[in-house]
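Scroll down for the structure; my scribbles are underneath it.
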Amino acid sequence: MTSSNNSSPLTAIANEALGIDAPVAAELTTPVVAPIAAEAVAPAAVPEGPTFASLGLSPEIVSALVAAGYQTPTPVQQRAIPAAIAGRDLMVSSPTGSGKTAAFMLPAIERFAQLQKTQAAQPREPRDAAGADRRTRRPQPVARPSLLVLTPTRELAMQVTTAATTYGKHLKRLRTVSILGGVAYGQQLMLLAKNPEILVATPGRLIDHLERGRIDLSQLQILVLDEADRMLDMGFIEDIETIVAATPASRQTMLFSATLDGKITSLTSRLLKNPERIEIVQRLESATNIAQTVHYVDDRDHKDRLLDHLLRAEGLDQAIVFTATKSEADQLAGRLADAGFESAALHGDLPQGARNRTIRALRERRVRVLVATDVAARGIDIPGITHVFNYDLPKFAEDYVHRIGRTGRAGRSGIAVSLVHHAEQGALKRIERFVRTTLAVNVIVGFEPRKSAPAGGGRPGFGGRGRPGGSTNGSGRRFGSGSSKPAGSTAGARTGSGNSWGSKPSGSGSREGYGGSRDGGYGARRSDGPRTARRGS
């Protein structure tokens, strides 16, 4: 959970939310794997075309953006911001890294800026009366936000909260609070008592507070559904409908999604009023700075041996290994730790504190191999990640783009390797059609699959023996050293002192977003999973 009073410095997360290239010192660019047709323009001394000011944003907001070094909005921002300021409902489809967060947060904050100007123009109370009011004022027991942003994951909620702080840092009395699973209820109740204007939340935990009367949405002015398609995929439809039912019909609603397919259209017909439809065309060309290859594997043992070999390759700095399930992430991270790799697991069943410690260890290079699920890894921006491995192919082809976008950051080169069983040909073909690229097939001497690559499936790769390394960092130090536990017995990386970057294995074979551990505090239901999962059905 995050709370802000507009005093936080600009972070890399907020820069990425803007969807435009950051200064070199920030070492951050938008993902190059899924650029948009009209790409973001780098900051320039004399901007060409629309500016944030020309879109109708107040000087206070523009000042915050200019102070960060940005002057030119991205295409989705150019179209969405004026329409949102005019009060239109929006349904927006835009690719990763195109600046969707700023597209909905900037016009929402503009409404607060206009309200503050109106209030400032009104006659003020006499000083004595105002002072007496301050002395007798008590924190409101129920939070009544004006803006609610729903996100599918805790990581995305934290990004949105940071972005809101950055964009509105020159506005007074603009409080932003994030309500997330994995965080103690008591801490959240203290923040909700401050009655924040902006609330960023995951659906499950928000409903917990609604049911306990801690949040009242009857005065909500703006509702934003961020990554709505992801929330539907994770089974949040019942939660979304419950939340919407608690809001006034007069609200403005903005829905942002990677696609606007049938399931999204069905949702928008029930939630939005005469929405303006905005679609930014993706140009799904292969990223020139990310080498994408496929290695065919015969079975799990073959896959594990090949992964260990590739993780010891020369030139590998840090890597993310993607798995399909949370339990598999735990098991694989434990096996890699026992094999001498500085590894850790990251998935939705970890408490927020454990997730934060894992990300911090990754940034500080105490973890070199992160084993993660799709949802948990969204938004990770670590410049040192040189390799991405698809231990399991993603369920959705667009997730492949999100995965490999974790490497090749800030113009660096990156390597994306998919370990594919021959039975997964259908999934591989869907990915290749989505990215409009035939992925090269690579074979390493000593790790050849018993079955050759299918005819017409992929094209020959560069081959070669590769270089098996020694220990992962040359020092012999490893997370989980001294452990005699079988593979899968640890949830993540452990230092020699016994500190763990993960938690106990979830025991769940489900994909991210379903089932899993229960949150502390009340313990009767899961805090950020779908409503059916929280009820145990």
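All of the numbers you see were taken from the coordinates with simple rules; none came from a lab. Just so it is clear, the model here is predicted, and its values are computed rather than measured. Counting neighbours? That spans all protein chains shown, and the Cβs are built from the backbone with ideal geometry, glycine included.
For the stretch 290-449, what is the convex hull volume of the alpha-carbon atoms per residue, in Å³?
108
Compare the peptides 362-371, 176-185, 248-257 by average per-residue count of other Cβ atoms within 10 angstrom and give them in order, highest first.
Per-residue Cβ counts within 10 Å, averaged per peptide and sorted highest first, yield 176-185, 362-371, 248-257.
Among Arg79, Arg360, which comes first, second and so on when ranked by fewest other beta-carbon atoms within 10 Å?
Arg360, Arg79
Evaluate the Debye formula for the stretch 247-335 with equal point scatterers sitting on the alpha carbons, no solvent, and hand back log10 of I(q)/I(0) at q = 0.16, 0.17, 0.22 Å⁻¹, in q order, two decimals.
Summing over Cα pairs of the stretch 247-335 leads to -0.86, -0.90, -1.16.
If amide H atoms are built 1.01 Å from N in the plane of the peptide, which residues on other chains or at least 5 residues away come under 5 Å of the amide H of Arg175?
For Arg175, whose amide H was placed from the backbone, the distant partners under 5 Å are Glu197, Ile198.
So how long is each side of the stretch 168-300 along the principal axes, counting just the alpha-carbon atoms, biggest first, in Å?
So the extents along the principal axes, rounded to whole Å, are 54, 40, 36.
Where a Cα-Cα gap under 19 Å defines reach, which lysines qualify for Lys273, not counting those fewer than 8 residues away within the same chain?
Lys263
Would you work out the relative contact order for the stretch 290-449, in percent, from Cα pairs under 8 angstrom that are 6 or more residues apart?
Worked out over the stretch 290-449, it gives 35 percent.
Step through the residues of the stretch 423-435 one at a time and calculate ³J(HN,Hα) from phi using the Karplus curve (6.51 cos²θ - 1.76 cosθ + 1.60, θ = phi - 60°), rounding each to whole Hz and writing x for Gly and Pro.
6, 9, 4, x, 5, 5, 5, 5, 5, 5, 5, 5, 8
Can you sort Lys303, Lys451, Lys429 by how many other beta carbons sit within 10 Å, fewest first?
Lys451, Lys429, Lys303
So who's got an amide H within less than 5 Å of the one on Val441, skipping anything under 5 residues away but keeping other chains? H placed 1.01 Å off N, in plane.
Val294, Arg459, Gly461
Taking the Cα centre of the stretch 290-449 as the origin, how large is its charge dipole in debye, to the nearest 20, when only Lys and Arg (+1) and Asp and Glu (-1) carry charge on their Cβ atoms?
660
Among 343-351, 154-162, 212-220, 87-95, how do they line up from the highest to the lowest mean number of other beta-carbon atoms within 10 Å?
Going from most to least packed, we get 343-351, 154-162, 87-95, 212-220.
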